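The values are calculated or read from the model by the stated rules, or taken from the named source; none is laboratory data. Small disclaimer: the values here were computed from a predicted structure and weren't measured. Methodologically, a virtual Cβ is constructed for each residue, glycine included, from the backbone with ideal geometry; neighbour enumeration extends over all protein chains shown.
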């Protein structure tokens with residue numbers, strides 16, 4: 001609210017306060033006192049005055065709607081919905097209240113019912129020969145995206161862009177839809193268009209980084225996430241630091257990745273971002289330490305995962321492998337047997353690397369039937385067969401500790417390579 005608006009609202013408030021003091025029986029004056037208090041963003045005071053009106057005029061749809069508006073501004077959407085819904089019941093042909101019922105439902109996550117109300121409001125506009133305003137079109141497009149998917153919503157966002165090519169919000173939604181429809185390069189073009197008009201829009205910078213990340217351009221992704229995390233607005237955003245770390249990891253820059261994951265962890269904890277965020281941070285930090293062969297640090301993170309995420313199984317194979325690399329066959333056996341059991345009962349789908357490591361585990365025990373069984377399963381899961389054999393060869397130093405002769409190891413490899 002600018003200074004001129006604030007002065008105008010304050011003057012109007014003073015005017016109606018003076019009139020109400022002279023005639024305290026006038027609900028018209030009191031309704032305007034409440035209204036201008038709300039315009040001045042004094043919502044609690046406004047609600048107090050609206051409540052007085054409600055005592056005298058319980059079915060006044062205007063008053064009920066404005067009470068809903070005040071609760072909306074206080075972000076109490078459940079209460080706001082109750083007032084807007086009552087207002088809508090008393091005046092079902094009012095476009096504004098119909099839309100506000102929909103908006104509150106949106107904010108409570110019921111996009112399907114929200115869309116129904118926004119479409120009802122659109123029909124009311126048509127019947128009254130009123131134009132559908134920009135805000136109303138935005139809500140219809142957004143709820144369509146949430147309920148019917150990106151392909152259905154995209155033309156609605158494009159319509160908004162056609163009306164105003166510099167509409168940043170519409171361009172953001174188009175970029176978002178294009179990305180999730182698999183049109184990565186087209187999405188990036190829209191993000192660049194947004195960047196031209198709003199170069200300091202950090203949401204857009206972050207999304208450009210994410211699009212580059214998903215398309216495999218990790219160098220470019222790093223450059224965007226560096227800008228993102230360096231900004232005052234996003235310097236404590238765990239999401240940005242996590243993705244900066246991830247892209248360093250994908251580039252094989254594990255030490256840098258660990259550093260940025262630790263920053264991400266700090267802010268994730270500070271702002272209670274939830275267990276899923278911490279899970280990926282810890283898992284990837286452990287992976288980086290494992291790649292650097294810093295086994296004790298990797299083990300610390302895997303054990304932390306085990307302690308906190310007792311129902312997750314994805315990292316158990318890595319934990320088993322760390323113990324095997326640390327020459328702790330007893331502990332390795334505990335976790336390998338667990339994932340083998342889960343795999344055989346189909347409780348857990350093992351990755352190509354997990355299956356390879358299970359094969360190594362059996363090789364260390366000189367159980368060659370099971371070793372070959374899991375090697376073959378692993379080989380089938382690798383997209384590039386040569387990558388399997390590179391990984392297989394790289395792991396020999398682990399097996400060597402347990403007495404596996406290179407000649408035997410080489411023989412198994414040759415048998416796996418045979419057509």
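When region 85-130 is filtered for residues that are assigned to a loop (DSSP other than H, G, I, E, B) and either touching a helix residue (DSSP H, G or I) at 6+ places or on another chain (Cβ under 7 Å) or more than 23 Å from residue 152 (Cα to Cα) (or both), the ones remaining, listed by number, are 91, 92, 93, 94, 108, 128, 129, 130.
Considering region 346-419, the qualifying helices (runs of 4 or more DSSP H), each wholly inside and each with 3 or more residues that are out of contact with any helix residue (DSSP H, G or I) (no Cβ under 8 Å at 6 or more places or on another chain) and under 22 Å from residue 290 (Cα atoms), run over 385-394.
Among the residues of region 338-358, is there at least one that is crowded, with 16+ Cβ neighbours inside 10 Å, free of Cβ contacts under 8 Å to residues at least 24 places away in the same chain and more than 17 Å from residue 311 (Cα to Cα)? There is no residue in region 338-358 that is crowded, with 16+ Cβ neighbours inside 10 Å, free of Cβ contacts under 8 Å to residues at least 24 places away in the same chain and more than 17 Å from residue 311 (Cα to Cα).
Among the residues of region 251-263, is there at least one that is out of contact with any strand residue (DSSP E or B) (no Cβ under 6 Å at 6 or more places or on another chain) and within 25 Å of residue 378 (Cα to Cα)? Yes, because at least one residue in region 251-263 is out of contact with any strand residue (DSSP E or B) (no Cβ under 6 Å at 6 or more places or on another chain) and within 25 Å of residue 378 (Cα to Cα). Only one entry of 220, 249, 193 meets the criterion of being buried (at least 17 other Cβ atoms within 10 Å of the Cβ) and closer than 19 Å to residue 276 by Cβ, and that entry is 249. Filtered by the rule that a residue be within 14 Å of residue 161 (Cα to Cα) and within 25 Å of the chain's Cα centre (by Cα), region 123-140 gives 135, 137, 138.
Taking region 196-236 as the range and being outside any helix (DSSP H, G or I) and either free of Cβ contacts under 8 Å to residues at least 24 places away in the same chain or farther than 25 Å from residue 265 by Cβ (or both) as the test, the residues that pass are 198, 199, 200, 201, 215, 216, 217, 232, 235. Kindly check whether there is at least one residue in region 31-51 that is over 44 Å from the mean Cα position of the chain (by Cα), modelled with pLDDT under 95 and either more than 19 Å from residue 83 (Cα to Cα) or surrounded by 12 or more Cβ atoms within 10 Å (Cβ to Cβ) (or both). No, region 31-51 contains no residue that is over 44 Å from the mean Cα position of the chain (by Cα), modelled with pLDDT under 95 and either more than 19 Å from residue 83 (Cα to Cα) or surrounded by 12 or more Cβ atoms within 10 Å (Cβ to Cβ) (or both). Of all the criteria given as (1) modelled with pLDDT of 95 or more; (2) touching a helix residue (DSSP H, G or I) at 6+ places or on another chain (Cβ under 7 Å); (3) surrounded by fewer than 16 Cβ atoms within 10 Å (Cβ to Cβ), the one not satisfied by residue 240 is (3). Taking residue 305, is it part of a helix (DSSP H, G or I), surrounded by 15 or more Cβ atoms within 10 Å (Cβ to Cβ) and at pLDDT below 90? So residue 305 fits the description; yes. Residue check: residue 189 meets all listed conditions (1) more than 26 Å from residue 282 (Cβ to Cβ); (2) in contact with a helix residue (DSSP H, G or I) (Cβ under 6 Å, 6 or more places away or on another chain); (3) part of a helix (DSSP H, G or I) but one, namely (2). Limited to region 253-278, what total is found for residues that are within 15 Å of the chain's Cα centre (by Cα), part of a helix (DSSP H, G or I) and either surrounded by fewer than 17 Cβ atoms within 10 Å (Cβ to Cβ) or free of Cβ contacts under 8 Å to residues at least 24 places away in the same chain (or both)? Result for region 253-278: 2. Applying the condition of being over 18 Å from the mean Cα position of the chain (by Cα) and closer than 14 Å to residue 147 by Cβ to region 111-122 and asking which residue is surrounded by the most Cβ atoms within 10 Å (Cβ to Cβ) yields 118.
Just one of (1) surrounded by 14 or more Cβ atoms within 10 Å (Cβ to Cβ); (2) more than 36 Å from the chain's Cα centre (by Cα); (3) under 17 Å from residue 362 (Cβ atoms) fails for residue 411. It is (1).
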